[in-house]
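The values are calculated or read from the model by the stated rules, or taken from the named source; none is laboratory data. Note that the structure is a prediction, hence the values are computed from the model and not measured. Cβ coordinates were reconstructed from backbone atoms using ideal geometry, including for glycine residues, and neighbour counts include every protein chain displayed.
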Ligand SMILES: *Cc1c(COP(=O)(O)O)cnc(C)c1O
C-alpha cells in the first residue's frame, strides 16, 4: 500500500458527479471567459471569507501581483516580507522593480516575527535608501500570521498590508476568517492548496471599494468602461470559467474537509509530540492545514525510514529565499536570518489531506517515532 502525500483522487470521487455536470454546463453555455460561474464563485467566496469583494484571478501569484500594482509599487520601494515562504511571495515584488526586504520568522509559527518586522522597518527608514511602502505577511502551512500586531505596525508606519493566504484559506484568526485579514488578502487555488481547482487559479479579497475596482481593472488589461478602453497597464489575470465551476463544486465540501484536516493534524500531534517538534496552533486560531510539518535534528534518518516504508515526505522549504540565486543581487548571507536558516535544516512535511485514513496515518506515526528515537 502506498500513501499519497496529497490525495486528489479520493477527493475527486467525492465531487465527481457534481464536477462533471458543472463542467458540462460550461461546455453547453460556452462562456469560457468570465462566464456566469465566475461571478457566482466570487459571491460565494465573499460570503465564506466574510469580505465585501472577491476578485478571482489566474493564480496565487497574480493574486499577489494585482494588489501591488494597485498600490503603485515600483522601483525604490521596500516591501517587507518573510524569507521562509514560496518564491512567489517575493518574486512579485521584484517583477515590479521594487525591493523585497526580508524579516526573520518566529521559530514556532514559522510566520513573520512582528518584533523583527518593527526593527527592520526602523532600520530601513534610518538608511533612507528605500521608501517603505508595504508588508506581505504569509500564513505558512495554513496558520494565520499574528495580524493584530502586524496590522498595528502597518498602521503606525502608514504601510499597506497584504496577507498571503495561499496556504491558509479556510482558516481563522481570533474569530476573523482568513480573507478578511490585512488590507487585502490573496489566495491560490493551485490543485494542492486546501481549496484547489484543476489547474491554476487564485483570488484577492478586500473590503476596500476603490482598491477592488482598481484590481478588477488590472485583472483585465487595465480596462476602463469596456475592454477596448484601457485606463492603466494591467495583466491577463482572469480565472477560467471551467475552474470557477470546479471550485463551486469543491467549495460545498470544503467546510467538511477543513474539519477532516484538523482531525488528521490532531492525530499526528497526539502520536508524534514525544518524538519530534509538532506544530503549535494557538487556541485563538484554526489552521487550514495546507501542510503538517514537524522539526527534528534527525530529519535525514526519519525521511529515509519513511522512504523505505513507501511514505512520501517533503521539505518545505530547503532553502530560504534570501539564499536563493534569484535574489543574489540583494546581497544577503544565509545567517542573516538565523531562524529561517535553522528551521530549513530541520523541517519536513508528512502526508496531509482530508482523506487520510487513521490506519495509514498510524503507519506514518510509527515509522517517524521509531526513526526519531534512533532505535
Ligand atoms: C502556492 C503559493 C503561492 C503562489 O500560488 P500559485 O497559485 O502557485 O501562483 C504564493 N504564496 C504562497 C505562500 C504559496 O504557497
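Of the residues that sit in region 198-245 and are within 16 Å of the ligand (Cβ to nearest atom) and part of a loop (DSSP other than H, G, I, E, B), which one is farthest from residue 167 (Cα to Cα)? Across region 198-245, the extreme among qualifying residues is 235.
Among the helices (runs of 4 or more DSSP H) confined to region 15-107, the ones with at least 3 residues that are modelled with pLDDT of 95 or more and within 16 Å of the ligand (Cβ to nearest atom) are located at 60-70, 88-95.
The single condition from (1) crowded, with 22+ Cβ neighbours inside 10 Å; (2) over 18 Å from the mean Cα position of the chain (by Cα); (3) within 30 Å of residue 281 (Cα to Cα) that residue 70 fails is (3). Kindly indicate whether residue 240 is touching a strand residue (DSSP E or B) at 6+ places or on another chain (Cβ under 8 Å), surrounded by fewer than 20 Cβ atoms within 10 Å (Cβ to Cβ), more than 25 Å from residue 85 (Cα to Cα) and in contact (Cβ under 8 Å) with a residue 24 or more places away in the chain. Answer is no for this residue. Taking region 141-174 as the range and being outside any strand (DSSP E or B) and in contact (Cβ under 8 Å) with a residue 60 or more places away in the chain as the test, the residues that pass are 141, 142, 143, 144, 159, 166, 167, 168, 169, 170, 171, 174. Taking region 272-302 as the range and being surrounded by fewer than 16 Cβ atoms within 10 Å (Cβ to Cβ) and modelled with pLDDT of 95 or more as the test, the residues that pass are 273, 274, 297, 300, 301.
For every residue, the table says whether it meets (1) touching a strand residue (DSSP E or B) at 6+ places or on another chain (Cβ under 8 Å); (2) more than 16 Å from the ligand (Cβ to nearest atom).
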position	(1), (2)
122	no, yes
125	yes, yes
130	yes, yes
134	yes, no
150	yes, no
161	yes, no
165	yes, no
171	yes, no
174	yes, yes
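Within region 79-98, how many residues turn out to be more than 17 Å from the chain's Cα centre (by Cα) and surrounded by 24 or more Cβ atoms within 10 Å (Cβ to Cβ)? Matching residues across region 79-98 total 1.
Quick check: is even one residue across region 180-197 modelled with pLDDT under 95, over 19 Å from residue 39 (Cβ atoms) and part of a loop (DSSP other than H, G, I, E, B)? No: region 180-197 contains no residue that is modelled with pLDDT under 95, over 19 Å from residue 39 (Cβ atoms) and part of a loop (DSSP other than H, G, I, E, B). Counting residues in region 180-190 that are more than 11 Å from the ligand (Cβ to nearest atom), without any contact (Cβ under 8 Å) to a residue 24 or more places away in the chain and on the phi > 0 side of the Ramachandran plot gives zero. For the condition out of contact with any helix residue (DSSP H, G or I) (no Cβ under 8 Å at 6 or more places or on another chain) and farther than 30 Å from residue 189 by Cβ, what is the one hit in 369, 328? Of 369, 328, the one residue that is out of contact with any helix residue (DSSP H, G or I) (no Cβ under 8 Å at 6 or more places or on another chain) and farther than 30 Å from residue 189 by Cβ is 328.
Taking region 281-303 as the search range and keeping residues that are farther than 20 Å from residue 342 by Cα and in contact (Cβ under 8 Å) with a residue 40 or more places away in the chain, which one is nearest to the ligand (Cβ to nearest atom)? Among residues in region 281-303 that are farther than 20 Å from residue 342 by Cα and in contact (Cβ under 8 Å) with a residue 40 or more places away in the chain, the one nearest to the ligand (Cβ to nearest atom) is 290.
Cβ-Cβ contacts under 8 Å between residues 6 or more apart (or on different chains), taken from a first residue in region 81-92 that is over 11 Å from residue 61 (Cβ atoms) to a second residue that is near the ligand (Cβ under 9 Å from one of its atoms) and in a helix (DSSP H, G or I), are listed as 81/89; 82/89; 82/140; 84/140; 85/140.
So which residues in region 109-140 are part of a strand (DSSP E or B) and either free of Cβ contacts under 8 Å to residues at least 24 places away in the same chain or crowded, with 21+ Cβ neighbours inside 10 Å (or both)? Hits for region 109-140 are 112, 133, 134, 135, 136, 137, 138.
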